[in-house]
Amino acid sequence: MASEQRNVSKKELKEQAGRCMFGERLVVEHEGKRFSARVQHVGVTGVKVVPETMLIEHEGEPGDINGITVSYDDIREVDIDGVIYRLA
């Protein structure tokens, strides 16, 4: 099944990010780096994420990865239920 892609405003992207659940995929641009990450926790001022590269290289227990918190302004793309919301 192919993913549907929607170009959205910053406001709508923030709304979609705010409804993300644990494990959903985001594309983030943080501290000059752009990377794909998985949601760990959605908060009021940002989202705690685990970069996918950390997940691939991780050898410990699933719950012992400490993610990073990124601002909603750092989010460039959100993937929810096969629909990709991309900042226009």
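Scan region 66-88 for residues that are open to solvent by less than 20 Å² (accessible area, probe 1.4 Å), free of Cβ contacts under 8 Å to residues at least 60 places away in the same chain and β-branched (Val, Ile, Thr) and jot them down. Hit for region 66-88 is Val70, nothing else. Being within 9 Å of the chain's Cα centre (by Cα) and modelled with pLDDT of 90 or more is the requirement here; does Val44 meet it? Spelling it out, it is not the case that Val44 is within 9 Å of the chain's Cα centre (by Cα) and modelled with pLDDT of 90 or more.
The values are calculated or read from the model by the stated rules, or taken from the named source; none is laboratory data. For clarity, every value in this text was computed on a predicted model and none was experimentally measured. Virtual Cβ from ideal backbone geometry, glycine too; neighbours counted across all protein chains shown. When the accessible area is computed, the model is the full protein with side chains, heavy atoms only, and any ligands, DNA or RNA have been set aside. Shrake-Rupley method; radii C 1.70, N 1.55, O 1.52, S 1.80 Å.
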